[in-house]
Amino acid sequence: MEEPFEKLDGVKAVISGFSGGKEESPSYKQVAYGRTSHKEAVQVFFDDQAISYPDLLEIFWRQINPTDPGGQFADRGHHYTTAIFYHDKKQKNQAEGSKATLEQTKKFSSKIVTEILPFQKFYPAESYHQDYYQKNPTHYYAYKKGSGRVGFLKKHWQNDPPKKRTVKKTNLRVPVYKKPGDEVLREKLSDLQYRVTQEDATELPFRNEFYDNKRAGIYVDVVSNEPLFSSTHKFKSGTGWPSFFLPLVKDHLVELKDSTFGMLRIEVRSKNGDSHLGHLFNDGPEPGGLRYCINSAALRFIPREKLQEEGFGEYLKLFQ
């Protein structure tokens, strides 16, 4: 479902994940094997000055079989059943109206069973599952056809093209927390950034960009753009690398055992970008006594005065 939305002008980001269930932070395998109460879903960030919510609803209906109560095409189970998750009363009314309009067209011989549900929480899927249609195009398009989806959509919509839209271009910035493909990374990152984040290299101490940076702002993953650390938690450790006694968003970090070089350490990686960041030690200051020793090459610094401009305005409160 990422592909049709990402191609639309006015859509800023499409994240693959799960919603509608009770379990906290499920994995893709848990949801895909039907071990949770979640549905597979996409979260769409859009500029409503450029594209409307009803426009997105129209695109949604054109990707699914809304009459299937047991899944979608070859994918069976509750986790594959269809739903629209609304964020407010206006979206609810628009979704219900869109569903009623589709029913009135009699385009489908069976009842439309797609649920319209209140949004509660969305959990992004792991990085390898994001933009699957770009990372594995051969398998994606073969399955799309083999599952029966292509034939079904062609049968019902080929003589009913979507309406043309006049799109107003805007400069809205929406943070996107996901890992691009390897070709994009090699073009986007410097050689050092790539070796550190993708090949677990370590940069030289005292000869890196942020070890002595004293400016106010936050540090995000250079790969996925997800917020990781803040200057308010940064301290001078004397090690020659940027050091923090607390993460800005702990859920954006993954801690793994690392026994390389004959040492037992805790490696720190970004959750959505799967970037190697550095290591975690228990010799930091209070509160917590932790030291996140991080490579500058794994970070991008956003100064306080640019947080709002780059879509991170919620963190301005740290510096008031």
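The values are calculated or read from the model by the stated rules, or taken from the named source; none is laboratory data. As the structure is a prediction and not an experimental result, all values here were calculated from the model. Don't worry about glycine lacking a Cβ; one is built from the backbone with ideal geometry, like all the others, and counts go over all protein chains shown.
Looking at this structure, is residue 103 outside any loop (DSSP other than H, G, I, E, B) and either under 17 Å from residue 53 (Cβ atoms) or within 19 Å of the chain's Cα centre (by Cα) (or both)?
no
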Could you check the range 4-17 and list, in sequence order, the residues that are farther than 19 Å from residue 224 by Cα and under 17 Å from the mean Cα position of the chain (by Cα)? 4, 5, 7
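A quick yes/no check of all residues on (1) part of a strand (DSSP E or B); (2) of a type in the set (Asp, Glu):
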position	(1), (2)
247	no, no
251	no, yes
261	no, no
267	yes, yes
273	no, no
279	yes, no
288	no, no
309	no, yes
316	no, no
Of all residues in the range 257-280 being at pLDDT below 95 and hydrophobic (A, V, I, L, M, F, W, C), the one that is nearest to residue 200 (Cα to Cα): 261
Determine which member of the set 144, 155, 135 is under 26 Å from the mean Cα position of the chain (by Cα) and modelled with pLDDT of 90 or more. 144
Within the range 27-61, take every residue that is under 18 Å from residue 122 (Cα atoms) and at pLDDT below 90 and give me the one that is surrounded by the most Cβ atoms within 10 Å (Cβ to Cβ). 46
Residues satisfying the stated conditions in the range 1-11, i.e. outside any helix (DSSP H, G or I), surrounded by fewer than 19 Cβ atoms within 10 Å (Cβ to Cβ) and touching a residue at least 24 places away in the same chain (Cβ under 8 Å): 1, 8, 9
Name the residues in the range 119-133 that are assigned to a helix (DSSP H, G or I) and surrounded by fewer than 15 Cβ atoms within 10 Å (Cβ to Cβ), would you? 128
